[in-house]
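The values are calculated or read from the model by the stated rules, or taken from the named source; none is laboratory data. Given the structure is predicted, the values throughout are model-derived calculations rather than measurements. With ideal geometry, Cβ positions are generated from the backbone for all residues, glycine too; neighbour counts draw on all protein chains shown. The protein model used for the area step is the full one, side chains on, heavy atoms only, and it has no ligands, DNA or RNA in it. Shrake-Rupley method; radii C 1.70, N 1.55, O 1.52, S 1.80 Å.
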Amino acid sequence: MFNDENRTICAISSPAGMGAIAIVRLSGENSIKIASKLLSNKDKFFSLEHGKMLYTQIFGEDGKILDDVLLVKFIAPNSFTGENTVEIYCHGSEYIQSQIIITLINYGASVAKPGEFSFQAFFNSRIDLSQTEALADLISSSSRESHRLAINQMKGHISSEIAELREKMLELVALMELELDFGEEDVEFADRTKLSEITLELIERTSLLISSYKYGNAIKSGIPVAIVGEPNVGKSTLLNALLKDERAIVSHIPGTTRDTIEENLIIEGLKFRFIDTAGIRNSDDLVEKMGVKRTFENIEKSQVILLTIDANIVDSQTFEFISSIKSKINDDQYLLILLNKSDTVNNLNDEVFTKLADTISVSAKTRFNLDKLEQKLINWVKSLKTSESDLIITSSRQLELFQNINISLVRAKEGIDKGLSGDFVSQDLREAMYMLGEITGHITNDDVLGAIFSKFCIGK
Ligand SMILES: Nc1nc2c(ncn2[C@@H]2O[C@H](COP(=O)(O)OP(=O)(O)OP(=O)(O)O)[C@@H](O)[C@H]2O)c(=O)[nH]1
Ligand SMILES: [Mg+2]
């Protein structure tokens with residue numbers, strides 16, 4: 001996908017725009033030679049040790065000073081990309097950044113394509129494909145837990161689990177194929193019960209990875225929480241109270257919120273995406289109707305539904321309303337009924353509600369029980385975690401492959417148990433091993449690589 005692997009690439013690796021400092025990165029066999037052309041005292045740079053910094057002036061092609069910079073030199077293979085690499089820490093001016101890039105190109109470097117530095121790291125086996133995906137997650141991580149998962153995956157938690165799974169599969173294949181080789185002779189083979197047990201262990205381990213995705217994905221993308229209910233029940237007040245900000249317009253007029261309003265909030269290191277919605281009612285107003293349609297779309301898309309009720313107005317219609325919302329929610333979603341405005345109600349009886357769904361009394365106005373609400377949200381997210389293990393996958397690509405591996409393993413086990421011939425069984429096992437290779441990138445194709453590396457921007 002990056003066809004000419006021998007080129008020396010350069011790019012600005014810090015964010016676009018102006019900051020105090022910017023970083024230009026060069027990677028490739030000639031990067032040290034090319035970078036040295038920016039200096040008047042090249043010897044000092046050539047003799048600089050690996051991983052050390054040099055404070056120096058750099059010059060343009062016209063011999064005029066470009067900037068005072070810090071240069072770091074990494075000598076292959078001990079760099080992120082596995083190639084000779086130079087990083088230039090210059091002042092943040094966009095002019096300086098672009099002049100450095102232009103000068104480097106004139107000295108023989110090429111502009112890096114999006115994700116090309118990471119691709120080189122993968123190409124030179126510095127990281128495998130699952131770690132590359134974790135790197136993308138790490139760069140975009142916005143909460144403590146998403147950061148933790150990305151770091152774990154970067155460290156190779158999943159890669160070493162895959163290596164172990166692969167080794168066990170290889171062992172099984174060898175035993176199955178041994179049966180084939182000596183099929184006609186009276187040779188004592190590995191006991192099939194034992195083989196079945198090993199396959200079962202593999203099935204269990206891949207199942208654990210598959211079930212970890214629900215939690216992993218929630219952490220990576222943030223948990224969408226829709227605040228829904230009839231008009232005027234206090235949905236927007238609740239959003240504002242949670243955010244501790246007057247984000248949404250609040251008024252006593254029913255139908256105030258017309259469009260959805262989405263804001264992120266990190267609670268105890270977990271990212272939630274709270275969505276305030278238009279109050280649900282039948283209306284002739286075209287705009288309000290469109291708003292209500294969006295509310296229903298958000299009920300479908302969200303993982304948590306905060307069904308807000310005005311505790312002052314509870315009648316038979318309220319229960320019909322709750323039932324109609326419940327009918328739109330599936331088993332994977334969490335429905336929590338909030339009896340709001342509890343500050344204005346005495347002796348609120350929530351028993352009838354708790355029969356319908358998890359319920360708490362709150363007051364968006366006085367903040368009563370909002371801490372309890374937050375705790376319920378956290379507990380629900382934690383309940384998605386199916387084991388204490390830190391082997392958690394966050395990529396849908398990996399999920400799909402593990403699901404298919406699991407299917408092949410189940411088939412292999414059935415074959416073993418039914419006493420099928422070794423070649424049938426080993427075919428399923430080989431298929432599973434092939435897919436494991438696809439996860440780490442040991443076996444791969446350009447489409448997969450393209451999809452993964454295009455998620456990075458230039459300079460990464
Ligand atoms: N006493 C009391 N009043 C509240 C509480 N929450 C909201 N209110 C009031 O209820 C009215 C409606 O509040 P909103 O937050 O605009 O209600 P909403 O559900 O967003 O309404 P729509 O956008 O029209 O669907 C406002 O006058 C709020 O001040 C509460 O907990 N206690
Ligand atoms: Mg509102």
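Laid out as a table, the results:
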| quantity | calculated |
| --- | --- |
| Per-region count, region 310-358, residues outside any loop (DSSP other than H, G, I, E, B) and among the aliphatic types (A, V, I, L, M) | 8 |
| Selection from region 105-146 of residues that are crowded, with 19+ Cβ neighbours inside 10 Å, modelled with pLDDT under 90 and assigned to a loop (DSSP other than H, G, I, E, B) | 115, 127, 128 |
| Where a residue in region 273-290 is among the acidic types (Asp, Glu) and its partner, wherever it lies, is more than 9 Å from ligand 1 (Cβ to nearest atom), with Cβ under 7 Å and at least six apart | 276/260; 276/261 |
| Considering residues of region 276-317 that are among the charged types (D, E, K, R) and under 23 Å from residue 360 (Cβ atoms) only, the residue farthest from ligand 1 (Cβ to nearest atom) | 315 |
| Residue count, region 212-253 (criterion: more than 9 Å from ligand 2 (Cβ to nearest atom), assigned to a loop (DSSP other than H, G, I, E, B) and either under 20 Å from residue 317 (Cβ atoms) or open to solvent by 60 Å² or more (accessible area, probe 1.4 Å) (or both)) | 7 |
| Filtered residues of region 51-93 (kept if exposed (fewer than 13 other Cβ atoms within 10 Å of the Cβ) and small (Gly, Ala, Ser)) | 51, 63 |
| Long-range neighbours under 8 Å by Cβ, at least six apart or interchain, first residue more than 15 Å from residue 405 (Cα to Cα) within region 415-433, second among the basic types (Lys, Arg) and assigned to a helix (DSSP H, G or I) | 416/192; 417/192; 419/192 |
| Hits in region 212-248 - residues which are within 20 Å of residue 283 (Cα to Cα) and β-branched (Val, Ile, Thr) | 227, 228, 233 |
| Number of the condition not met by residue 66 [criteria: (1) assigned to a strand (DSSP E or B); (2) touching a residue at least 60 places away in the same chain (Cβ under 8 Å); (3) not acidic (Asp, Glu)] | (2) |
| Region 254-276, residues that are of a type outside the set (A, V, I, L, M) and open to solvent by 40 Å² or more (accessible area, probe 1.4 Å) | 254, 256, 258, 259, 260, 262, 263, 264, 268, 273 |
